[in-house]
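One structure is given here, and the rest of the page talks about it.
The values are calculated or read from the model by the stated rules, or taken from the named source; none is laboratory data. Being a predicted model, the structure only gives us computed values, none of them experimental. Every residue, glycine as well, gets a Cβ built from its backbone with ideal geometry; the counts of neighbours run over all protein chains shown. These area figures cover heavy atoms from the full protein model, side chains too; ligands, DNA and RNA do not enter into them. Shrake-Rupley method; radii C 1.70, N 1.55, O 1.52, S 1.80 Å.
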Amino acid sequence: LKERHVNMISFSACIGFGLFLNTGKVIYLAGPGMALVAVTLGCSMMWSVIGCLGEMTALFPVPGPLFEFPGRFIDAAVGYATGWMTWSAWIVILAAEIQAVAQLWRFRFDPEYLKSVGYPDEQLGWSTENYSPAVWVFLFLILVLLVNLLPVRQYGQLEYIFGVIKLTFISFLIVFNVVLSAMQRVHHSNHFWTWNAPWGFSSKGMVVHPTSSDPTSPDAMVMGDAGHFLSLWTAICTCVFSFVGFECLAETPENKDLEQYETIKIATKKLSIRISILYILGTFVGGLNVPYDDPNLINIQINAVRAGQNSVFVLAAVRNRLRVFPSVFNGFFIFAATTSGINALYTSSRLLHALASIPEAWPLWFQNHRRRLERVTDAGVPLGTICVSWCFGLMAFLAIKPFPSVILGRMTNNAVISELICYTMICLSYTQFYHKIKTAAGDHTLENRGSFNRDDKQYPYRTHGQLFRAWYGFFFCSLLIIFNNWRAFVPPFSSPDFIASYIGVLVFLAIIAAYHVRSDGWNPLKWRRNASMQIHRPPPKVVVPGRRRGHLEFPNPKMPVWQEENAKALVAFIWGWLK
């Protein structure tokens, strides 16, 4: 894969149903003006994390950087736990994208709503709304699997085409909404009518439990400054799911230019700019034509994701009494969710393949199966990890449950928490990385200490104020993890929502504890910090082959005692079995 393939794979991962369906939810929660603030803050989180990941990957081009860096700079157990949490997030995203596809086929507007906005037709929808969701889940799961079985280069070309189509369509969508606002097909007082009374820059308050009989009543809302803050915070938590996937630029093992730091440098900048501009402009133009109290936006429960009739972009076309466009938009949303599902299977399979290359990340009894997962076909396709990850995509058959939109919302919440844990660990890893290379740059016993100097011209990639951005990303992601679903604590208590939002934190801590118990015993006081890299000892060697100058290779660290014991036990087991 070339740089353009990797860039578009990462871009395509960020453009799924999150942008097209969640934008309306963000506007409903916060209002058109505060929605822009929420999306901008979400972009700042992405900007901080991707800067940390980009700089570390440019200096140390290693496979599996999402869990390799926490393992090197924080603790080996933390690295393994981060890897498993990230993989679990992507298999949930795969199921969520396929389930969203099944939801999008149920495209139908309420006739009373069409009459209230003056739509020229009495009916607007697809005849597929009565089909079983299991049909669409089955068909699109097969499609996702077949695309991922293609040779890597062909897959990269397809992803590039998908990314270009998405980029073109989103640009058209932004221009389309600007033109609608300028034409004033339905006359309003001014072009910013949704920002003025009786609506406004922000919503009136925060609806804590929108499933109540009258969610717009003052008794069901938190009003005033507290309501505005809670609305903004909930909107930020909602839009974070849309940004998930930007880390794919460092998680592509088939990137043949990975060791050329220009690849990571260019991809990081391109992706940050593209995602930020498109999401901010998309949110802005979406709020120009649809008020935040539109009935189809109110119907979007906070913990639910529904079909195309709840998209702010489809509603803009309907409220301006345009035919054809609503169906075309909904069809493209299906395409976007499908391609994001394809991308989710690719990312999850590569993460699992990277984990399979680390024996210590697996229990002893699973080592034979782990070695099978390492295998790839002649075309470079890790068939085993693709099939294993795809099997977890069968969770998408939850779409046949009575309330699939609520289940989909809970799945996305769970995936967001797992990804936020990964982002938190990446930012914390960078803080350790920064101080270690600073120490190494001042160590006069190293011949190549200049390679660690961030002020040196040959340093691969750096950004200004990155240490501050790392701490900012760490605390921001930590707060998002803790208060992501604060509504679960407000009576009436919702056990399913609480479990979906916070079970990931407990699983992460349990995995870390399990690794330490295996290596250090049950007493937590005797657990050791097993960081697998010390920057200035042993001395690294600088690789200077042409444009790769400044890259560093480290010899394998000495095998820890517990790993050596496990290896001996494994050898003894194999020898006994052979005898």
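Points worth noting:
- Efficiency of FRET from Cβ geometry, F366 and T168, R₀ 51 Å, rounded to 0.05: 0.70
- Taking the charge dipole of the chain about its Cα centre, with +1 at Lys and Arg Cβ atoms and -1 at Asp and Glu Cβ atoms, the residue from G42, T23, A399 reaching farthest to the positive side is G42.
- Probe 1.4 Å - accessible area at W84, Å² to nearest ten: 50
- Heavy atoms of R462: accessible area, 1.4 Å probe, square angstrom to 10: 100
- By average C-beta atoms within 10 angstrom, highest first, the peptides 412-424, 62-74: 412-424, 62-74
- Around the Cα centre of segment 1-160, unit charges on the Cβ atoms of Lys, Arg, Asp and Glu (plus for the first two, minus for the last two) sum to a dipole of about 220 debye.
- Kyte-Doolittle at least -0.5, axis length at least 27 Å by Cα - qualifying DSSP helices, the chain: 32-59, 76-104, 152-183, 224-243, 261-289, 325-356, 404-441, 495-520
- Within the chain, helix-based [θ] at 222 nm, where runs of 4 or more DSSP H residues each add -39,500 (n - 2.57), nearest 500: -21000 deg cm²/dmol
- Rounded to the nearest 10 square angstrom, D75 shows an accessible area of 10 square angstrom against a 1.4 Å probe.
- Think of the chain as having a plus end and a minus end, set by charges on the Cβ of Lys, Arg, Asp and Glu; of V517, V285, C477, V517 sits farthest toward the positive end of this dipole.
- Alpha-carbon centroid distance for the pair segment 1-58 / segment 146-194, whole angstrom: 15
- Stretch gain in nm, segment D121-D456, where the contour uses 0.36 nm per residue and the Cα spacing is subtracted: 114.0 nm
- Positive-end residue, the chain charge dipole about Cα centroid, Cβ charges, pick of I421, F172, W193: I421
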